[in-house]
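Engineer: Take a look at the following structure, please.
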Amino acid sequence: MDSLSEAPKQPFTLEQAGDWTRRFREQSEHAVKGHLFDRAVLETLLARSEAAGLRFYYGRDEENQPQLVMVAVDADGNDLVNSTPQRMPAETESMLMATASLSSSDDETIVGPGKTCPPCCSTTNLLNS
């Protein structure tokens, strides 16, 4: 497995991102355009001492709608699912419940699914129209 530091760092323009998202919308059989995660969700996962980045997995919920599942990764790009999660402050936990589901057990911290677009979308821009 490539380490996180070996990941290609290529320029990525708004026009290219807009082309990708347009192509996805044109070829997609569902209405979901994206997912929104609150900043507190990202900060909670990245606050783990061994976290070097985030990975997003594609999935489908019980209604077969596309969803994202987010997990922190270490510097080698391994999912951090087998270590003790860091306990978050109560106010952060309540914010998480408003935007995404947090699964915490003795051996994993995984976040998903976030808020879908639609209905939780940005104003019209190259990425969503």
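Engineer: Which of the residues spanning the range 49-81 are under 20 Å from residue 39 (Cα atoms) and among the aliphatic types (A, V, I, L, M)?
Structural biologist: 51, 52, 54, 68, 69, 70, 71, 72, 73, 80
Engineer: Go through the range 25-39 and give me each residue that's without any contact (Cβ under 8 Å) to a residue 40 or more places away in the chain and out of contact with any Lys or Arg (no Cβ under 8 Å at 6 or more places or on another chain).
Structural biologist: Answer for the range 25-39, where residues must be without any contact (Cβ under 8 Å) to a residue 40 or more places away in the chain and out of contact with any Lys or Arg (no Cβ under 8 Å at 6 or more places or on another chain): 26, 27, 28, 29, 30, 39.
Engineer: So which residues in the range 75-129 are at pLDDT 50 or above, surrounded by 17 or more Cβ atoms within 10 Å (Cβ to Cβ) and not in a loop (DSSP other than H, G, I, E, B), if there are any at all?
Structural biologist: 109, 110, 111, 112, 116
Engineer: For residue 78, which of the numbered conditions (1) of a type outside the set (Asp, Glu); (2) farther than 22 Å from residue 114 by Cβ; (3) without any contact (Cβ under 8 Å) to a residue 60 or more places away in the chain fails to hold?
Structural biologist: Tallying (1) of a type outside the set (Asp, Glu); (2) farther than 22 Å from residue 114 by Cβ; (3) without any contact (Cβ under 8 Å) to a residue 60 or more places away in the chain, residue 78 fails exactly one: (3).
Engineer: If you scan the range 37-69, which residues turn out to be under 21 Å from residue 128 (Cα atoms) and surrounded by 15 or more Cβ atoms within 10 Å (Cβ to Cβ)?
Structural biologist: Answer for the range 37-69, where residues must be under 21 Å from residue 128 (Cα atoms) and surrounded by 15 or more Cβ atoms within 10 Å (Cβ to Cβ): 37, 38, 66, 67, 68, 69.
Engineer: Residue 67: assigned to a strand (DSSP E or B) and modelled with pLDDT under 90, yes or no?
Structural biologist: Yes, satisfied.
Each row is one residue, and each column tells you yes or no for (1) out of contact with any Asp or Glu (no Cβ under 8 Å at 6 or more places or on another chain); (2) part of a strand (DSSP E or B).
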{"site": "19", "(1), (2)": "yes, no"}
{"site": "22", "(1), (2)": "yes, no"}
{"site": "35", "(1), (2)": "yes, yes"}
{"site": "41", "(1), (2)": "yes, no"}
{"site": "49", "(1), (2)": "yes, no"}
{"site": "56", "(1), (2)": "yes, yes"}
{"site": "59", "(1), (2)": "yes, yes"}
{"site": "72", "(1), (2)": "no, yes"}
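The values are calculated or read from the model by the stated rules, or taken from the named source; none is laboratory data. Worth saying up front: this structure is predicted, and the values here are computed from it rather than measured. We place every Cβ from the backbone using ideal geometry, glycine too, and count neighbours over all the protein chains shown.
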